[in-house]
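Data block below; observations after.
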Amino acid sequence: MSKEAQQRMEKIVSLCKRRGFIFQSSEIYGGLNGFWDYGPMGVELKRNLKDFWWRRVVHEREDMVGMDGAIIMNRAVWKASGHEETFSDPMVDCKTCKARHRADQLPKKDGVPYCPNCGGRDLTEPRAFNLMLKSYAGPLENDDNLVYLRPETAQAMFVQFKNILETSRKKLPFGIAQIGKAFRNEINPRNYTFRSREFEQMEIEYFCRAEDGIALTDYWLEERLKFYEDIGIPRSKIKIHDIPDGERAFYSKKTYDLEYEFPFGVSELEGVAYRTDYDLSAHIKHSGKPLEYFDEEKKEKFVPHVVEPSAGVDRTTLALICQAFDEEEVTDEKGNKEVRTVLRFHPRMAPVKCGVFPLLKNKPALVEKAKSIAAALRPHMMVFYDEAGAIGRRYRRQDEIGTPFCVTVDFDTIGENGPELAETVTLRHRDSMEQERIPISELRARLEAAIF
Ligand code: GAP
């Protein structure tokens, strides 16, 4: 990572802590590597992302339904899916300092890998390390009660395929969507929340006929690119990596990785994979249960194929923050130059949609009016009422959390300067910092049009 990129990342991490987006998990006890907590702003951002994804892929489509599966499933699921046997990363130990690393991510000097912890070159041979986190379900901690915390949400959608098909009465092609936690015992969690041990996924399993698999993979790639554009991540910042033959999972006939230009490098946000009939066939074989589809018109029975767009909530949240982060030089009212830090979120992603301020906090008529505007907006959007400090500082605080609009109630609003401007407020736009005067009666519709 260049020095500039490193500094940018440091500023982002510091802003995220200072403004309540992301905290280290269990921070007062020294934290826990690979685990993160989202604060008041972070949780709103993440909810906006998940709600918009759900709206786009479930509510706005006729061919999709949702589900919410358990995190812990019968161990047989993970034997059938191949995870128990093969869901591993190559691991090496440094014989000098005993640190453990992913073999495929070791730095190299003159082509020779070395330990990033102590610089030692005396490393063990790589061996497979299974990434699934284990626990026990039941009172005895024995092999019969061993369970895994799911490393992906996908399997619940495969094993519930028949129940969902029968209860939803969908016809091919149709898909199942799910958002939920996943866990991986990553050897080296890194790059802030990018590679965590606990994270959330937004996954789709789109079932289809074999002959449609490749075309639908291209279709979903395009849908997903549109989605990223609609949340404020332009196509120009996403690299599409068409995984070549020989590098894809053996059952996949086509896989695209969508990679975002993070400050620490271009890295995967989402995969769109054509997984053929591998998953359903594996569960038919291991469970002995019929998971085939019967086409009434053609009187044909077959195992559907599947296209899987699988995105990370935490990675997309981090991409939204990195994309939104900006610093610009501005001149304040006294003519002093200062750096304005601003998160330029798309309004539909912004944690707070509107800041509402009385011009002065010691004027009861202004305070009362501002509070009544905030209360009227609150059922429709996330609002932040603030009366502390100079108005310019209040704007800056909202800029730092990415609030797209701020409303100020002044003496015009309460009719002190004549009836023409009574019941109007100043609407300030975050990106341009421009202000306009609008009637209170138009406020809600104006804001809703921008944040929907
Ligand atoms: N069902 C397919 C699947 O799980 P994956 O590429 O292993 O595929 C899908 O994961 C997405 O989940 C990734 O593109 C990424 O966004 C997210 N993800 C995977 N591992 C992660 C981790 N350790 N931390 C944060 N997000 C992760």
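Bear in mind that the values in this text are calculations on the coordinates, not laboratory data. Note that the coordinates shown come from a computational prediction; the quantities given were computed from them, not determined experimentally. Neighbour counts are summed over all protein chains in view; Cβ atoms, including those assigned to glycine, are modelled from backbone coordinates with ideal geometry.
Quick notes on this one:
- Single condition I284 does not satisfy, out of (1) within 16 Å of the ligand (Cβ to nearest atom); (2) among the β-branched types (V, I, T); (3) more than 20 Å from E203 (Cβ to Cβ); (4) free of Cβ contacts under 8 Å to residues at least 40 places away in the same chain: (1)
- In the stretch 296-313, the residues that are assigned to a helix (DSSP H, G or I) form Cβ pairs under 8 Å with partners that are among the β-branched types (V, I, T), at six or more places apart or across chains, as follows: V313/I179.
- Restricting the stretch 136-167 to residues that are surrounded by 13 or more Cβ atoms within 10 Å (Cβ to Cβ) and hydroxyl-bearing (S, T, Y), the residue that is farthest from the ligand (Cβ to nearest atom) is Y136.
- S281 falls short on exactly one of the conditions (1) within 27 Å of the chain's Cα centre (by Cα); (2) surrounded by 14 or more Cβ atoms within 10 Å (Cβ to Cβ), and that condition is (1).
- The stretch 1-118 holds strands (runs of 3 or more DSSP E) entirely within its bounds, and those carrying 1 or more residues that are farther than 30 Å from N163 by Cα map to 22-24, 36-38, 88-93, 100-102.
- Selection within the stretch 184-200 - assigned to a strand (DSSP E or B) and more than 15 Å from the chain's Cα centre (by Cα): R190
- Leading residue by the ranking (nearest to the ligand (Cβ to nearest atom)) among those in the stretch 314-338 that are touching a helix residue (DSSP H, G or I) at 6+ places or on another chain (Cβ under 8 Å) and in a strand (DSSP E or B): F325
- Under the condition of being of a type in the set (G, A, S), over 29 Å from E211 (Cβ atoms) and within 14 Å of the ligand (Cβ to nearest atom), the residues counted in the stretch 257-281 number 1.
- Residue check: N117 meets all listed conditions (1) within 24 Å of A182 (Cβ to Cβ); (2) free of Cβ contacts under 8 Å to residues at least 24 places away in the same chain but one, namely (1).
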